[in-house]
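K.L.:
First, the structure itself, so that you have it in front of you.
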Amino acid sequence: MTTLLNSHAITTAQSLATVGSVLSVPADCTSLTIESSLTYGSGGTSAKAYVQTSLDGGSNFIDIMCFAFTTTGLRKVLNVTRSTAVTADVIPTVGSITDDTSISGIIGDIIRIQVVTTGTYAGSTTLDMFVQMGSS
């Protein structure tokens, strides 16, 4: 697995802050499996991590996953596959896909994470994210 976020400290409210690495996605990548883990310290209200991809080298991004957390430490896993047919229009969003969902069929050439938090987290609250890129 590749690290997207490594113990990203959440201390103050963040509004669509791009965090962690922007990773290249190999052309033969058929799927993305992402594990997200919130280590909860104290405080805070909500934290969301949006996994986004770009089809144009980073000029525009599209939400493909959203991990939503509140005030409990949790691990969550979501997956998208390139081979899933997109049979209806997908309106590209940034920071607004539904909580704890993913959109399969769209994997661009790079991925990134954007984080939105409300409230003031404390007590060493951190977010870690790891990706496994599948290939044929």
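The values are calculated or read from the model by the stated rules, or taken from the named source; none is laboratory data. Keep in mind it's a predicted model, so treat the numbers as computed, not measured. Heads up, the Cβs are rebuilt from the backbone with ideal geometry, glycines too, and the neighbour counts pull from every protein chain shown. Heads up: the accessible areas ignore ligands, DNA and RNA and are worked out on the full protein's heavy atoms, side chains in. Shrake-Rupley method; radii C 1.70, N 1.55, O 1.52, S 1.80 Å.
K.L.:
Just going by the charge dipole of the chain, with Lys and Arg at +1 and Asp and Glu at -1 on Cβ, which of Gly44, Leu5, Val19 is farthest out on the positive end?
P.N.:
Highest projection toward the positive end goes to Gly44.
K.L.:
I'd like the distance separating the alpha-carbon centroids of the stretch 51-74 and the stretch 1-25, in whole Å.
P.N.:
Distance between centres, Cα-based: 10 Å.
K.L.:
Enter the accessible area per residue of the chain (Å², integer; probe 1.4 Å; all protein chains in place).
P.N.:
47 Å²
K.L.:
Of the listed peptides 5-17, 76-88, what is their order by residue-averaged count of other C-beta atoms within 10 Å, with the highest listed first?
P.N.:
Descending mean neighbour count gives 5-17, 76-88.
K.L.:
So if I place +1 on the C-beta of Lys and Arg and -1 on the C-beta of Asp and Glu, and nothing else carries charge, what would the dipole magnitude of the stretch 1-105 be about its Cα centre? I want it in debye, nearest 20.
P.N.:
240 debye
K.L.:
Moving to a separate point now. Could you pull out the chymotrypsin sites (Phe, Trp or Tyr not before Pro) across the stretch 1-84 that fall in loop regions by DSSP (anything but H, G, I, E, B) with no more than 13 other Cβ atoms inside 10 Å?
P.N.:
Within the stretch 1-84, no chymotrypsin sites (Phe, Trp or Tyr not before Pro) qualify (loop, at most 13 other Cβ atoms within 10 Å).
K.L.:
Under 5 Å between amide hydrogens, which residues at least 5 positions from Val90 or on another chain qualify, with H placed 1.01 Å from N in the peptide plane?
P.N.:
Answer set, sorted by chain and number: none.
K.L.:
Just round it to a whole percent: the fraction of Cα-Cα distances in the stretch 25-136 exceeding 16 Å.
P.N.:
It works out to 59 percent of all Cα pairs.
K.L.:
Over the Cα atoms of the stretch 1-74, how large are the radius of gyration and the largest Cα-Cα distance (Dmax), in Å?
P.N.:
Using the Cα atoms of the stretch 1-74, the pair Rg, Dmax is 13.7, 42 Å.
K.L.:
Using a 1.4 angstrom probe on heavy atoms only, work out the carbon and sulfur share of the accessible area of the stretch 1-84 in %.
P.N.:
That share works out to 50 percent.
K.L.:
Here is a further query. What full-extension length gain, to one decimal in nm, is calculated for Ser96 and Ser136 as 0.36 nm per residue of separation minus the Cα-Cα distance?
P.N.:
11.3 nm
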